[in-house]
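Written below as structure tokens is the structure these notes are about.
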Amino acid sequence: MSDLLKLDQVETHIGQYHILQGISFEVKKGEVTVLLGRNGAGKTTTLRTIMGLNPASKGSVTFKGEQIQALPTYTIAKKGIGYVPEDQGIFAGLTVEENMKVAIQKENEETAKRMDWILELFPDLKKFWKKPGGYLSGGQKQMLSIARAYVNENELLLIDEPSKGLAPIVVEKVMESILQMKNQTTIVLVEQNFMMASTIGDRFYIIDDGRTVRSGTMKQLKEDEEMKRKYLGIA
Amino acid sequence: MRLIQGNKMTAFILVIAAFLILLPFVYESRNLFILLTQIFVFAIFAMSYDLLIGFTGIVSFGHAMFFGIGAYSIGIFMKKFEPTMTYFFLAVLSTIVLTGLVSFIVGLLTLRLKNHFYAMLTLSLSGLFLVLAEKWRSMTYGNDGFTFRVPELFIDRTHFYWLSLCLMVAIFLFLKRFTNSPLGRVLQAIRENEQRTESLGFQVLHYKIAASVVSGVIAGIAGILYAISLRFVNTSVFSMDITLDALLMTIIGGVGTLVGAIIGAGLIEFAHDWLTALAKEHVIFERWIIFFGIIYILVVMFFPKGIVGTLSTYPWKRKKQTAVKSKEKVAG
Amino acid sequence: SSDKSSSDSKGGTSTDKKEPIKIGVLASKTGALEAYGKQTLRGFELGLDYATDGKREVAGRKIEFIVEDTETKPEVAVQKATKLLEEDNVDFLVGSSSSADTLAVLPLAEEYQKVMVVEPAAADSITGSEFNKYIFHSARNSSQDAVAGAAAIAKKGVKIATLAPDYSFGRDGVAAFKEAAKKLGAEIVKEEYADPAATDFTSNIQKIIDAKPDYLFVVWAGANSPWKQLSDMKVQEKGIKISTGAPDIAALSTMEPLIGMEGFTVYYHDLPKNKINAWLVAEHKKRFNGDVPDLFTPGGMSAAISIVEALKKTNGNADADKLITTMEGMSFETPKGKMTYRKEDHQALQSLYAIKLEKKDGVPYPVPVLIRELTPEETAPPIRNK
Amino acid sequence: MDLIINLTLNGLATGMLIFLLAAGLTLIFGLMDVLNFAHGGLFAWGAYSGLWVYQQTGSFIIGIAGAIITGCLLGIITEKWIIKPVYGNHVQQILITLGLMLVLSEMLKVIWGPNQLTASPPDYLKGSWELGGVIVIKYRIFIILVGLFIFAAVQYILKNTKVGLVVRAGVMNKEMVQALGINIQKVFMFVFMIGAGMAALGGVLLGPYSGVIHAGMGMEFAILAFIVVVIGGMGNFKGSVFAAILVGLSGSFMAYYVPDLSLAVNMLLMAVVLIIRPQGLFGAGGVRR
Amino acid sequence: MSTLIETRDLSITFGGHTAVDSVSIAVPEKHFKSIIGPNGAGKTTFFNLLSGQLTPTNGKIYYRGKDITKFSPTLRTRTGIGRSFQITNVFPNLTVLENVRLAVQSQAGVRYQMLFHHKKYRVFEDKALEWLKLVLLDDKKNSLAINLAHGEKRKLEIAMLLALETEVLLLDEPTAGMSLEEVPAILEVIKRIKKEGNRTILLIEHKMDMILDLSDSVMVLFNGGLLANGTPEEIMKNETVQSAYLGGHLDERPVEA
Ligand SMILES: Nc1ncnc2c1ncn2[C@@H]1O[C@H](COP(=O)(O)OP(=O)(O)OP(=O)(O)O)[C@@H](O)[C@H]1O
Ligand SMILES: Nc1ncnc2c1ncn2[C@@H]1O[C@H](COP(=O)(O)OP(=O)(O)OP(=O)(O)O)[C@@H](O)[C@H]1O
Ligand SMILES: [Mg+2]
Ligand SMILES: [Mg+2]
């Protein structure tokens, strides 16, 4: 399998702060790669750097063999990278429908089909279709955010803590949906819910202090008590 | 750390103030003193505005309202009665009462409104004051305005210079203390997140009204000084231009800094003086207003947080951040 | 402004020949009244040259003048006036374009005891409630305008409606007009005031039409004007004759719809037929590449002439008290004929002109054509400074 | 009756004119949330450049086109150099656009001189019809028609394309819109350009309405435009039309029936509307974060 | 134990949609109650009603037997109901320390003091710092809140609530987005407060293990209505809860926990 996405010694500054200090990892096509690490380790910043929202100051980000670290965000997104941000990024004043409309890149049958699938996945969205996004409950916002990323045909999805605020049953649904998409869409997942991460993840990277410090297959991680304790605080 | 800086700033201001107090003994360009007096007056006005925009996060387009009340109070008292200190104090008193009352009512009426709507409502209220001043001609002589005499004490412009200077420093110190008081801190919290301030147990409207009243009264005092310095008042004291002046001075200096308001007032008045002087020497400066406009644009480009705001965040905070973590580091 | 001489500013005795006489001129070089300010300034300079035969010298003393821009803002006017008085030690003030600017400066003339010649601000209060003895008003005031306006149309039995902007200028103008018109036996049937910034005058015009006057007298200043709507609403077709003061050339061009109207004017370059005006027109064209003098150019010139004439009489003595006694009642020749500073209130009595707007070939705007000159006696306003 | 019709017709026309002046601002201020104090400068430039082209070519239509092009160009330049760095920051917007306003209106004087200029409509729009006691001014009817057309056109675009949504979304969360693959900079520039073009259109139509144009006209009408946008309910086109007509009609009727308040009518109207409906006539209530 | 908070028929409707539907509960003093339910069930809205952010369309709220339905959020906080927010809600451009200091100041009742410098109240700052230490955020005390990572903001949110020292704590998903490593620490804090035994706590969470661990009782909201109310064990046995909320096709417990 080839690397769909590759980060090589990426460093990122925000203002005068040096946040990422050497992030390197590869994402294989068709896999779910999980980024782990404690609060403030730099997981979100890593995803934002890939999206070009906090451009890398050093190192390279390669997507499908092309360096994208210097491109503007919208170009990166257009290349087929979807993003579910940590804070959901709902347009509070727009209705659910309008939120989706803004997200849709191409209006075609494919999209329509995916839309049906999404509404089946999250029936709540259909219920609040004409309501402003700002009125949604925390979990519903999370669903909408995920839905917006699902609606386009993306080769790569960056998902930042999807399970946050979701009821267990919905978490399950999201996991299922990710597994369903796996063949067309590669996924980079930041997740604190270890159950979820370990169930659907194929490969993991641990980020600490802005550096990738460990990596391996999910199986290895599950078995490595030492590593789990040290970096993830799970005993 | 910010605070130490703040204290340094205060000390610096006091030194400058001392220098300015002594200045008339060694130097006597009355024109300069008139210019400086003007700066002090507008600095007071701009500081009062800063309390709203910089500390409480309220943008008002009607601040001229209070300025005008002050200016007309003194003018009418001096014209209709006697230009004596007694009436002067009565005028000051009535300014305080009127501006306090008006800002209280305006606050009650308007402060529940959100940003733009609030700004426009204040604009309309001050517009109504303008119309009132225009229409109440027996009192105000309409937009031609009227001149009046001032008490003995203020006739000498050097005296008046000192008075304005002292008042400016006093008001600066007062506002500094006010904004740093527990109450002032709550104002800043309101600026940041009104709803959260509420749920912390602070009665937001009370605070906003307090800020509005303090700001209104101080603006009224600035209006008094302004009218005395001109010995003339007309409807222009209620005009949008006056509000814009306060706005510009505050923003150029840097909102939420107080000193910025003073610096902004100084910068605008000096630039104005300088550019109009240039206009007499070079033809291209005949349209000096263009250069004035360009100054505004450049300030935004090079001092995005205003002059004081930008300078005070730039050179001091050179801290190299290395993702300070107290947790034990793990070797790769 | 480079001159830092700090010798006795009250000096200027006739023996002191070296000391130049300084005149501080306040005018709007920017702001709403920029055009007026510039006319005054041109006129003033021409006036100095005319009165001194180009030597800029009187009784052996050089005459210098320093121009300051009031920006049409009272606070700036005060600041600039103080600078002129304090720093430049001027002997005279001249100005300014706006009434508010001027009123704000008047007390300074008194405080510093310098003669101030007011030009072209027109408010009645300059020689009325705000008068002090240092003030000489070379420009005509609103009352004179009004008297002239009345003289042009008011007769026994004539019904007149007025339309004016709703602020001091308009209100004063109408008040004065009313007084003058009534004196001539006319009846004022309607007084309308409009928002000076209005875009729509329908209701005012409607009310005027309903009042069925013989004449509509309009007092107006400023760019935003009702002329177009007056013609659109066919006021003249309804038998209401419109009358107003003819403005400067730029504004005349907006009065196309009013061709044929009778009114008055302060000045138009081919109206007064006299030697000085001929000189003014010729010289103005020469200096300013063919431009003709405009509404307030002769005013600036008159102000300068009156100062020079006064100095000639005092033999170069710029002492204010001396000047005041000299100037009170003084007559002097101007492009608008002979003017006289009235002793009581220092208002310059002067001619105004009853005119008719006509289309003239080769001129892109309606031209005021003389009907008759209104003599200074005729236009003399009431004395109001007591 | 004639009186009422006269007042209504003229109030309506004035309202439509105000709408035309405010339409651009509805996009720029209402939708994009840019406190553009230079808006008056834009319509003054529209008025001057349009008049100039009209005089050069003799065609009013080409004049209007000229104004719109000038407005669009100015819009592009302004967006690129002045507005772009200050999106989302009202304080900076106030300062920088006031600076721009000074530059724009002084430049007018540099190019066309400080004097007012006469602007009259083309012959086919001159004059008026008199039907009984009702006076119908041709140019005013023209204004009403243009106003309706602009309203319909913009409403169509906002309803049938994503542009309006994208702009609103962009104002709420610029990063997210970009992360969804939209070049928001370009969209903003486009909308700003259209807004400036519409301002210029308003300006060029204003000239013949009052008969004169002058460099100060920008500031004079900008406040009116702001009033309309705010009481209409920020960025709501229907609201803007409604508010503009309300301003026009109340001006017209107040001046007739309560002349003493006519100076205060706009301010009173705004105060009353905002006290009764703090979110503007057509504004939505506040939305929870 | 006496009843501290009681709701009677509490309802709120948003334009036809009833988000909270006649919920009547009574929470005794020093009780720990958890609220669960599907997304959009009305949990946060219920909190909003208790804390005064929203006014009910129907029903009453009592605090120590006193009707507080009409109280403003401010008043409720002063009365003794403090809350944290699900969507992080802090003062973005103030430092972390100042964020908490404001809460401490409010707790101390220093509200309209405008003549003394706020530094006069040194204790406030010290106290604020203590709270920050408690939630493991003291190393970030001088950062602006806006620059915090998500999990850090959550901790700040909790610190601000704790600093208010209110009788009642409403915690809306306090640990959402907090890292695995730090959840136990926060849990520890909550447990300790519980153990101190002078607070009444209402907790909204989706983490079942946490709920089972902490709660004295659990209530389940479903479509705005009160579906069940009982001991954790009872709730876990409830069929509807199992199928509509928990699902259970995949193992919902962390593998190792
Ligand atoms: N705009 C910013 N300015 C300064 N520091 C920042 C900024 N954004 C993030 N940081 C800092 O960078 C570090 C990494 O943040 P990031 O959001 O990437 O963490 P994270 O791994 O996603 O944490 P969490 O699990 O809490 O979401 C944190 O210490 C944070 O305080
Ligand atoms: N202001 C409002 N206007 C309209 N509907 C609203 C409003 N606030 C909440 N709602 C609706 O009420 C329902 C309950 O929302 P609430 O936020 O209480 O859910 P929740 O139980 O906290 O869910 P979650 O677990 O996802 O946070 C939701 O369907 C939401 O869309
Ligand atoms: Mg994160
Ligand atoms: Mg919730």
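Values for this structure:
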| quantity | calculated |
| --- | --- |
| Helix D:39-57 axis, angle to chain D major axis (alpha carbon atoms, nearest 10°) | 60 degrees |
| For C:K155, distant residues with modelled amide H under 5 Å away | C:A186 |
| Sequence-distant residues sharing a close amide H with C:K22 (under 5 Å, placed H) | C:E64, C:D91, C:F92 |
| Area of C:E344 that stays accessible when all protein chains are in place (1.4 Å probe, Å², to 10) | 90 Å² |
| Highest-fluctuation residue, C:A59, C:A81, C:A348 considered, GNM on chain C with Cα pairs under 10 Å | C:A59 |
| Candidate residues C:K80, D:K174: accessible-area rank, largest first, probe 1.4 Å | D:K174, C:K80 |
| Between the range B:69-108 and the range D:160-226, the alpha-carbon center distance in angstrom | 43 Å |
| Calculated from backbone phi, Karplus (6.51, -1.76, 1.60) coupling profile of the range D:178-186 in Hz, x at Gly/Pro | 5, 5, 8, x, 10, 7, 5, 4, 5 |
| Accessible area per residue, Å², the range B:33-238 with all protein chains present, probe 1.4 Å | 29 Å² |
| Whole-Hz ³J(HN,Hα) from phi, Karplus 6.51 cos²θ - 1.76 cosθ + 1.60, for the range E:47-64, glycine and proline x | 4, 4, 6, 5, 8, x, 5, 10, 9, x, 7, 7, x, 9, 10, 10, 10, 6 |
| Per-residue [θ]222 nm for chain A (sum of -39500 (n - 2.57) over DSSP H runs n ≥ 4, rounded to 500) | -9500 deg cm²/dmol |
| D/A buried area, accessible surface, summed, 1.4 Å probe, Å² | 2100 Å² |
| Highest-fluctuation residue, E:V90, E:V100, E:V218 considered, GNM on chain E with Cα pairs under 10 Å | E:V90 |
| Tensor-based shape of the range A:1-96 (alpha-carbon gyration tensor, a/c under 1.5 rounded, otherwise prolate or oblate) | rounded |
| Residues along the range D:1-18 losing 20 Å² or more of accessible surface when the other protein chains are present rather than the chain by itself (probe 1.4 Å) | D:L3, D:N6, D:L7, D:N10, D:T14 |
| GNM flexibility winner over chain A from A:G30, A:G216, A:G15 (Cα, springs under 10 Å) | A:G15 |
| Whole-percent pair-distance distribution, where bins are 10 Å wide, for the alpha carbons of the protein assembly as shown | 1, 7, 14, 18, 18, 14, 10, 8, 5, 3, 1, 0 |
| Global geometry of the range B:1-101, whether rounded, prolate or oblate, following the gyration tensor of its Cα atoms and the 1.5 cut on a/c | oblate |
| Computed Kirkwood radius, in angstrom, where 1/r is averaged over Cα pairs of the range B:33-238 | 17.3 Å |
| Area buried, chain D against chain B - accessible surface, total, 1.4 angstrom probe, square angstrom | 3400 Å² |
| Occluded residues from the range C:240-280, i.e. those whose accessible area drops by 10 Å² or more once the chain is not alone (1.4 Å probe) | C:A250, C:A251, C:S253, C:T254 |
| Rounded to the nearest 10 Å², the accessible area of C:V281 at probe 1.4 Å | 20 Å² |
| Convex hull of chain E built on C-alpha atoms - directionally averaged projected area, nm² | 14.8 nm² |
| Using alpha-carbon coordinates, inclination of helix E:150-164 to the longest axis of chain E, degrees | 80 degrees |
| Chymotrypsin sites (Phe, Trp or Tyr not before Pro), loop per DSSP, at most 14 other Cβ atoms within 10 Å - longest free stretch of chain B | B:137-315 |
| Semi-axes of the equivalent ellipsoid for the range B:219-292, Cα gyration tensor, largest first, Å | 24, 18, 11 |
| Solvent-accessible surface ranking, highest first, for D:W112, D:W45, D:W81 at 1.4 angstrom | D:W81, D:W112, D:W45 |
| Size of charge dipole - the range D:1-276 - debye, nearest 20, with Cβ of Lys, Arg +1 and Asp, Glu -1, no other charges | 660 debye |
| List A:S137, D:S240, ordered by accessible area with a 1.4 Å probe, largest first | A:S137, D:S240 |
| Rounded accessible area of D:R277 (nearest 10 Å², 1.4 Å probe) | 90 Å² |
| Interatomic Cα distance distribution for the range D:1-276, bins of 10 angstrom, percent | 7, 29, 35, 22, 6, 1, 0 |
| Helix-only [θ]222 nm of chain B, DSSP H runs n ≥ 4, -39500 (n - 2.57) each, per residue, nearest 500 | -24500 deg cm²/dmol |
| Net charge of neighbours whose Cβ lies under 15 Å from the Cβ of D:Q116, counting Lys and Arg as +1 and Asp and Glu as -1 | -2 |
| Under 5 Å, built H, 5+ apart or other chain: amide partners of E:L94 | E:A145, E:I146 |
| Which listed pairs, of C:K38/D:K138; D:K162/E:K207; C:K182/C:K360; E:K43/E:K237, have C-alpha distances above 30 Å, in listed order | C:K38/D:K138; D:K162/E:K207; C:K182/C:K360 |
| Of C:K286/C:K313; C:K55/C:K286; B:K79/C:K386; A:K28/A:K78, pairs whose Cα-Cα distance is over 25 Å | C:K286/C:K313 |
| Nearest 10 degrees, 0 to 90: helix C:142-153 Cα axis against chain C principal axis | 40 degrees |
| Options B:H116, B:F89, B:A227, ranked by Cα towards positive dipole end of the range B:33-238, top entry (Cβ charges) | B:H116 |
| Whole-percent carbon and sulfur share, accessible surface of chain C, 1.4 Å | 50 percent |
| Solvent-accessible area, 1.4 Å probe, carbon plus sulfur percent, for the range A:3-232 | 47 percent |
| Per principal axis, descending, Cα span of the range D:4-124 in whole Å | 46, 39, 24 |
| Estimated [θ] at 222 nm from DSSP helical runs (n ≥ 4, -39500 (n - 2.57)) normalised by residues in chain C, nearest 500 | -11000 deg cm²/dmol |
| Per residue, in Å², the accessible surface of chain D once ligands and nucleic acids are set aside, probe 1.4 Å | 34 Å² |
| Integer Hz, Karplus 6.51/-1.76/1.60 couplings in order for the range E:10-20, x for Gly and Pro | 5, 9, 8, 10, 10, x, x, 9, 8, 7, 10 |
| Two-decimal Rg/Rh across the range A:3-232, once Rg and the Kirkwood Rh are taken from alpha-carbon atoms | 0.96 |
| Share of carbon and sulfur in the accessible heavy-atom surface of the range D:1-276 [1.4 Å probe, %] | 71 percent |
| The range E:136-188 - Debye-derived log10 I(q)/I(0), Cα point model, q = 0.25, 0.32 Å⁻¹ | -1.09, -1.39 |
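The values are calculated or read from the model by the stated rules, or taken from the named source; none is laboratory data. Note that the structure is a prediction, hence the values are computed from the model and not measured. Cβ: placed from backbone, ideal geometry, glycine included. Neighbour counts: every protein chain shown. All accessible areas refer to the heavy atoms of the entire protein, side chains included, with ligands and DNA or RNA removed. Shrake-Rupley method; radii C 1.70, N 1.55, O 1.52, S 1.80 Å.
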